[in-house]
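The values are calculated or read from the model by the stated rules, or taken from the named source; none is laboratory data. Every value quoted in this text rests on a predicted model; they were computed, and no experiment measured them. Don't worry about glycine lacking a Cβ; one is built from the backbone with ideal geometry, like all the others, and counts go over all protein chains shown.
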Amino acid sequence: MAKEQIVVGLEIGTSKVAVVVGDARPNQPIHIMGVGLTPSRGVRKGEIVDLATALRCVREAIADAEASSDVDIRSVYLGVSGGHIKSLQSRGSVLIPETQGEVYASHIQQVQESARKVQLPIDHCFLHSIIQHYYVDGQDEVLNPEGLQGSRLEADFQIVHGSSKRIANSIRCVKELDVEVTLPVFNAVAAAQVVLNADQKNAGAVMIDMGGGTTDFIAYSQGSVTVCGSLAVGGDHISSDISLGLRLPLARAEWLKVQEGAVLLSGEAAAGRVVLKPEAGFAGCVVERKMLNTIMACRVRETFELVKRELDAVKALRYLGGGVLLTGGCSLIEGIDELAGEVFGVPVRLTHAHAMSGPASAYENPQLSAAIGLIKYAQVMQPVESKKSFGTLIRWPWTR
């Protein structure tokens, strides 16, 4: 029997810290060995704002994951998010010497480096250079150019980049615990590995991961990434709107959102009232469900419209045979798929990680899609090779 290949995915989110330990042997379904899941503090909009507090949460989640998996965690793939993460398309080009006459692996590496010669915002670094299409002497739809005859190799890449300082803060939080970060990975890129299949990517699909402080998205067309990014808005903003709109303590607003809220404005879900009993420091009150749902629906609709604006900018919604798929904690809100369908005008489905073994409560939990996706990302990239190539695709300012 093949030896275990243990990989750990860590997501430091706004509402939770998730650590997933998995066996990621090549060409095998990932087996979930253990999970650590704790409430998050010291993180706002996907970014660390209180290092000491966030560190305690990460330590607790790692300890829980170690206890449930019986694995001593020494390295992780770290999921990163935040409104600073963006993507852009760039084309690289390289001439092939007549003395060679065909495409070699070195030419593929050179065309990647050529595509990276783009001007990024100040203090931004490369996270991913994701291949879209290769062209050999103008011929398109080339899947693997190595070995083909030609004099010019071109390639389109989707360049994912983010603030080096903010990513560095997340990495430091982990390294303070004597745990190494193998690679930082954008959460949407990771989650897409386990919630979208090849057919959906080829048909065209959008995945939206709605968390507590951010909404990450990624769009595919003909199997390639067309755009991805993150918005600094999520479930915490819904809770804040409820608190302000109904004049409730934030803790009661959060409870209402999770336990009683929906984004449906008619039918049984919008009928009746919710009675909040009095407790210390709170006099109690009665909340109309329709008012609660209206507040939630307004914020969720606005969030989807912001995502749609990003997708429309690159015409990503024109070819979506696979529709829109929602994951993340906010995807559990009743009626959210119907509301998303109204905004995007295409079929919308709720989803979670697939093709896993282990506790169903782990991989069927949409809150863990990104953390589990980090394990799949490591498996797909093949860790040894990914370390070798990743260093050429990203500047590591936090290690200088």
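What to note about this one:
- Options 311, 292; residue that is in contact (Cβ under 8 Å) with a residue 60 or more places away in the chain and either aliphatic (A, V, I, L, M) or part of a strand (DSSP E or B) (or both): 311
- The stretch 265-278 residues that are in the same structural domain as residue 342 (by TED's automatic domain parsing) and in contact (Cβ under 8 Å) with a residue 60 or more places away in the chain, paired with ones that are charged (D, E, K, R) and surrounded by 14 or more Cβ atoms within 10 Å (Cβ to Cβ) (beta carbon under 7 Å, 6 or more apart): 269/334
- Residue in the stretch 201-209 that is in contact with a Pro (Cβ under 9 Å, 6 or more places away or on another chain) and assigned by TED's automatic domain parsing to the domain that holds residue 314 present: yes
- Boolean, residue 206 is crowded, with 24+ Cβ neighbours inside 10 Å and not charged (D, E, K, R): yes
- If you check 371, 340 for being more than 23 Å from residue 20 (Cβ to Cβ), surrounded by 23 or more Cβ atoms within 10 Å (Cβ to Cβ) and either in the same structural domain as residue 297 (by TED's automatic domain parsing) or in contact (Cβ under 8 Å) with a residue 12 or more places away in the chain (or both), only one passes: 340.
- Condition met for residue 85 (aliphatic (A, V, I, L, M), under 23 Å from residue 184 (Cα atoms) and in contact with a strand residue (DSSP E or B) (Cβ under 9 Å, 6 or more places away or on another chain)): yes
- Meets criteria (under 16 Å from residue 6 (Cα atoms) and either crowded, with 19+ Cβ neighbours inside 10 Å or under 28 Å from the mean Cα position of the chain (by Cα) (or both)) for residue 71: yes
- Residue in the stretch 378-392 that is surrounded by 20 or more Cβ atoms within 10 Å (Cβ to Cβ), of a type in the set (Gly, Ala, Ser) and either within 30 Å of residue 244 (Cβ to Cβ) or at pLDDT below 90 (or both) present: no
- Some residue of the stretch 306-326 being surrounded by fewer than 17 Cβ atoms within 10 Å (Cβ to Cβ), modelled with pLDDT of 95 or more and within 25 Å of residue 267 (Cα to Cα): no
- Criterion violated by residue 66 - all others in (1) acidic (Asp, Glu); (2) at negative phi; (3) modelled with pLDDT under 95 satisfied: (3)
- Count - residues of the stretch 134-153 that are touching a residue at least 40 places away in the same chain (Cβ under 8 Å) and either buried (at least 22 other Cβ atoms within 10 Å of the Cβ) or not in a strand (DSSP E or B) (or both): 7
- Residue ranges of strands (runs of 3 or more DSSP E) in the stretch 11-112 with at least 3 members assigned by TED's automatic domain parsing to the domain that holds residue 123: 86-95
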